Structure formats: C-alpha cells, structure tokens
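Enquirer: Questions regarding the structure given below will be posed in turn.
What follows is calculated from the coordinates using simple rules that are stated; it is not laboratory data. Note that this is a predicted model, so its numbers are computed, not measured. Neighbour counts run over all protein chains shown; Cβ positions are idealised from the backbone, glycine included.
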Amino acid sequence: MIGSGIKRGTAELAVLSVLQEGPLHGYELARRIEQQTNGALHFTLAALYPMLYRMEQQRWIRGSWETSANGRKRRCYRLTLAGKKKLSPLQREWAELFRALQRLTKVSHA
Amino acid sequence: MPDWPELVRQGLSGLALDANEKDEVHLELAGHLEDSYEAFCRKGLPEEEAVHRAMELVSDWADLQHRILASGKGDPMQKRVHQLWIPGFLTFILSTTLLMTLQKLGFRPLIISWNGTPGTILFYVPWLLSLPFLGALGAYFSARAGAARAIVLLASTFPVLALATAFILMFPIDMIIEPIAGNHVDFGIVATAILKDGASWLLVPGASLVVGGLLVSFLFRRRPPSQRAAITSETTHA
C-alpha cells in the first residue's frame, strides 16, 4: 500500500539515499541530488533545510560542524541507524509506486 | 563578496530560536549561499550577477523562517514564549496602560444603560479605536516569530482572554462568597451585570483586537504556502 506521505517521502528518500553514500553538507547534498537526477530533482533552499531539520528531529540524520580543507565551517549530515532503517521501507514504497504507475500507463521502462 | 551571515541574519531576523541555534542556522544557510555564489562565479558569471543568482535561492525569507520553525527545530517552550506569551503580554500591558491613561486624563466613557436593569455598558471610544492597532502589533510579533494563525489570533486577543478568565473565575466565586457574607444574591441580576460587563470589556474590545489580528494574519498568509511540496521537479536553468 502506498503511503499518503509519498510526496514528502520522495524528498526524504532522495536525501537518505544520497547520505547513504557518505556525509555531506546541505549545498553539496542538493547539488549531488540534482546532478544524479540530471536536474530532474531540484531542491529550493526553503525546502531543503527545514526538511533536514525535521529529519534531524526524527533522528534519521545527524548534523555536525566540520572544517573543510579551505578552513570553512560547514554542517555535515550523516545517516543514523534509524535513518538506515527508514530507508528500506521508503525504497519499497517508491518501487511500489513506480510499478503501479507503470501498470497504469502501460509504459514499460527502459 | 557580500557578508553572507549578515544577509541571512537580516533575512531571518525573527527566528524564534535560542541564540546558539539561531547562529547555527544563520551560518549554515550563509555557507550554502556562499557555496552557490562561488559555483556561479566558477561558471563565469560576473560577481554582481553571481550574488544576485545566489540571493535568488531564497525568494521569500518569511516563508523560509516559517518553515524552519515549523520543522520542529528549537525548544518548543521557547517558541511558545516568543510566539504567544511575549506578544500577548505586550498587547495586554499596552492596552491596559492606555485605558488607565485615558481614565487618568479624564476621558469619559460612552455610557449605555436601560431603565430597570442593573449595570451599564461603558465604551471608551478612543481606547476601542486603538485596539485594532494593538491587536495588530501583538499579531505582528507573533507571526514574525513564525506562529501558526491560531496562535497569532490568540496573541492579538490576549487582553480579552485574560479578562475573560478573570470573569469566568469571578462569577462562581462571587456566588459562593456573597451568601457566606450574608448578602442575598439574585442570580438574574448578577447574570445581567456580567453580560453587560462582558459586552463592555470582552465582546467589543475582543472584536476590535481581532480586526488587527486578522489583518496581520492575512498579510502574513500572502506568502507562498509553507505546505507546498518539499521538492520541485523543474529542470534547472542553465
């Protein structure tokens, strides 16, 4: 059954999936998502940070200040254990939605 | 290059978080804008254009502030203090002080009374006319701190809510104390007096306050809705 919060879940899925590859700060996270989806998914600043803060409250991700090689302080986010557990059902939901849409439109994906 | 943290501080001036959290948010968003600016510069954009493009990333600071507060970041108690108690008490203190000043200055209220019924309805017209502004002021501070609409309206009508609480407590206490003191209490007389006082001090002032509160609430609502999709699927502009 596809959850009602699938739209928000999609954004969360994107963030959790990218953070699974390693810790990133907000700008890099948004850039990575945009790059990996060929610009199809584009986060606005007003969408990204409130979502990161919400996900941090839910303890799916954890932010900590780190100093980069050029001496700049950036807040890096990393996936927590709870975040990893959240990722699997989200991936299943997304896959289910994708299959459902395929059945509906009868379009086979490449 | 602009002072990015200062620009963010100005944009999010009403962020109702504690000082440390606020600084962290300012620094984090400033870092994002700075990184974006540098990326635009690397693409060959002139500095001015790069700054402009970076600043375009935040189209509505009030909306961003509202979303950050709605995300659950920060201490809920602190948020409640900034969103309700401070604006509410400010409205309460200002309205009470103004009323007392008008009374001291000898302003006479408009008195409405009916023959044969106890109590009169008093209207301090200048005071009533000032209440929409005071309600708007309380609502403004509340909305600026990122409060939801209901809290904004509560903050704007706080003086009458405080008074209503006093009325609600006064009525049963009076009904208990008066018989103990040996006075006969006619429920009808007390109820009529309370209704009239309620009109003088609660209903009409409440309506005046809520006018200001609704106006501010409406003006703050004109920003893009915060519950829009958290992600957009538009392609990026080259």
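Enquirer: Mind pulling the angle between the C-alpha long axis of helix B:125-144 and the longest principal axis of chain B? Nearest 10 degrees, somewhere in 0 to 90.
Expert: Once rounded, one gets 30 degrees.
Enquirer: OK, next. Output the 0 to 90 degree angle, nearest 10, between the alpha-carbon long axis of helix B:61-70 and the longest principal axis computed from the alpha carbons of chain B.
Expert: Tilt of helix B:61-70: around 70 degrees.
Enquirer: Determine ³J(HN,Hα), in whole Hz, for all residues of the stretch B:189-202 in sequence, where each value follows from phi through the Karplus function 6.51 cos²θ - 1.76 cosθ + 1.60 and θ = phi - 60°; x replaces Gly and Pro.
Expert: Here the 3J(HN,Hα) series is 5, 5, 5, 5, 4, 5, 4, 5, 4, x, 5, 5, 10, 10 Hz.
Enquirer: Same structure, new question: What whole-number volume per residue, in cubic angstrom, does the convex hull of the C-alpha atoms of the stretch B:1-78 give?
Expert: 77
Enquirer: Go ahead and set up a Gaussian network model of chain B, Cα springs under 10 Å, then flag whichever of B:Ala19, B:Ala136, B:Ala50 fluctuates most.
Expert: For chain B, modelled as a Gaussian network with Cα springs under 10 Å, the answer is B:Ala19.
Enquirer: Would you order B:Phe220, A:Phe43 from fewest to most other beta-carbon atoms within 10 Å of each residue's own beta-carbon?
Expert: B:Phe220, A:Phe43
Enquirer: Please report, in Å, the Rg and the Dmax of the stretch A:6-105, where both are computed over Cα atoms only.
Expert: 14.4, 52
Enquirer: Right, here's the next one. Tell me the Kirkwood radius of the stretch B:76-221: reciprocal of the mean inverse pair distance over distinct alpha-carbon atoms, in Å.
Expert: Answer for the stretch B:76-221: a Kirkwood hydrodynamic radius of 16.4 Å.
Enquirer: Just B:Glu28, B:Glu178, B:Glu47 to compare: in a GNM of chain B, with alpha carbon springs under 10 Å, which one fluctuates most?
Expert: With Cα springs under 10 Å in chain B, the top fluctuation among B:Glu28, B:Glu178, B:Glu47 is at B:Glu178.
Enquirer: Another one. Given the rule -39500 (n - 2.57) for each run of at least 4 DSSP H residues, summed and divided by the residues of chain B, what is its mean residue ellipticity at 222 nm, to the nearest 500 deg cm²/dmol?
Expert: Helix contribution divided over all residues of chain B: -21000 deg cm²/dmol.
Enquirer: Could I ask something else about it? Any of A:Lys85/A:Lys106; B:Lys22/B:Lys43; A:Lys84/A:Lys106; A:Lys84/B:Lys73; B:Lys104/B:Lys196; A:Lys84/B:Lys79 with alpha carbons more than 28 Å apart? Name them for me.
Expert: Details: A:Lys85/A:Lys106 32 Å; B:Lys22/B:Lys43 32 Å; A:Lys84/A:Lys106 33 Å; A:Lys84/B:Lys73 22 Å; B:Lys104/B:Lys196 23 Å; A:Lys84/B:Lys79 31 Å.
Long pairs (Cα-Cα over 28 Å): A:Lys85/A:Lys106; B:Lys22/B:Lys43; A:Lys84/A:Lys106; A:Lys84/B:Lys79.
Enquirer: Give, to the nearest whole percent, the P(r) tail of the protein assembly as shown beyond 39 angstrom, counting all Cα pairs. The partial results should precede the final answer.
Expert: Numbers: 22261 of 60378 pairs.
Value for the protein assembly as shown: 37 percent of Cα pairs lie more than 39 Å apart.
Enquirer: Here's a follow-up. Helix B:204-221: angle to the longest alpha-carbon principal axis of chain B, degrees 0 to 90, nearest 10?
Expert: So the inclination is approximately 10 degrees.
Enquirer: From the alpha carbon gyration tensor of the stretch B:1-42, can you work out the equivalent ellipsoid semi-axes (sqrt of 5 times each eigenvalue) and give them in Å, largest to smallest?
Expert: 22, 9, 6
Enquirer: With charges set only on the Cβ (+1 for Lys and Arg, -1 for Asp and Glu), what does the dipole of chain B come to about its Cα centre, in debye to the nearest 20?
Expert: 860
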